[in-house]
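See structure below.
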Amino acid sequence: MSFDEDAVPDAAQPQPRPPSARERFERIYLILRDRICLLDYPPGTHLSEEELAKEFEISRTPVRRVLARLEAEGLVQSVHGVGTIVTDVDVEELQQVYHLRLELAELVGKLSPIPRTVEDLDRIRALIKRCDADMLNPDQRAFLRLNMDFFYELTAMTGNQPLREITERLYFQVARVVLKMMPQLGLVEEFTAFRREMMEVLAAAEIGDWESIGHIRRAHISMSFRRMMLHRNSGLSGSP
């Protein structure tokens, strides 16, 4: 029997490392957060620890930890005698979150800015191309997915970890509101405004003008908030 030197027995092949408990926790957390923000779990949805544990094939203990984190971020609420319920966002809360986001936006370009590489800029260009393609057949979920991906590119521009964490938390508190109000805001108009923001950020990043990126971000958050306030009466019941 001949032996092929290039053939390595399966047992000798490096086996993928099983995910750690922390990695499994993060994966489940991100999946549930996306479901809440994309309204797969609309406000008022009851999240069953037992059903989630069965879905992800884990015990209920890590599920409780994930739900506790989502509750700390204001996305769910534990109600005695009922369980864990997906929260809604009221006008007052939305205004407070947006006001804080406005103040934090400019800090992205001031606190430990991280220069962008060619690959970083290419990812933003790819998002703009994706936006152009999505606008040919506008879809609400596609818009929010695209918005999320661009948000991650923005937060990667600062090396200040506390700023990144609080910015992410505030973003996901209001992301689902944009999706919920899309019929009133106008999907094409939102795509157009969002594309303009990406183009402006790309132009500033290409010349390394980090402070301008903060100002651009602040301006677009402000305009988004004002558009929502204009439509709050026809949009959400009890919410903007």
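The values are calculated or read from the model by the stated rules, or taken from the named source; none is laboratory data. Since the model is a prediction, treat every value here as computed from it, not as a measurement. A quick note on method: Cβ atoms are made from the backbone with ideal geometry, for glycine too, and the neighbour counts reach across all protein chains shown. What goes into the accessible areas is simple: the full protein's heavy atoms, side chains included, and nothing from ligands, DNA or RNA. Shrake-Rupley method; radii C 1.70, N 1.55, O 1.52, S 1.80 Å.
Residues in the range 163-187 that are open to solvent by 60 Å² or more (accessible area, probe 1.4 Å) and modelled with pLDDT of 90 or more: Arg164, Glu165, Ile166, Arg169. Here Asn160 meets the list (1) open to solvent by 30 Å² or more (accessible area, probe 1.4 Å); (2) polar (S, T, N, Q); (3) in contact with a Gly (Cβ under 9 Å, 6 or more places away or on another chain) almost entirely, failing just condition (3). Within the range 75-99, being crowded, with 16+ Cβ neighbours inside 10 Å and not in a helix (DSSP H, G or I) holds for Leu75, Val76, Thr84, Ile85, Val86, Thr87, Asp88, Val89.
Can you tell me which residue in the range 198-220 is least open to solvent (accessible area, probe 1.4 Å), limited to those that are in a helix (DSSP H, G or I) and without any contact (Cβ under 8 Å) to a residue 24 or more places away in the chain?
Ala204
Restricting attention to the range 38-72, the residues that are under 17 Å from Val89 (Cβ atoms), open to solvent by less than 40 Å² (accessible area, probe 1.4 Å) and part of a helix (DSSP H, G or I) total 1.
Contact map, the range 48-68: first residue of a type outside the set (A, V, I, L, M, F, W, C), second residue open to solvent by 80 Å² or more (accessible area, probe 1.4 Å), Cβ cut-off under 6 Å, separation 6 or more or different chains; pairs are Glu49/Arg60.
For the range 118-154, filtered to residues that are of a type in the set (S, T, N, Q) and surrounded by 15 or more Cβ atoms within 10 Å (Cβ to Cβ), the residue that is modelled with the lowest pLDDT is Gln140.
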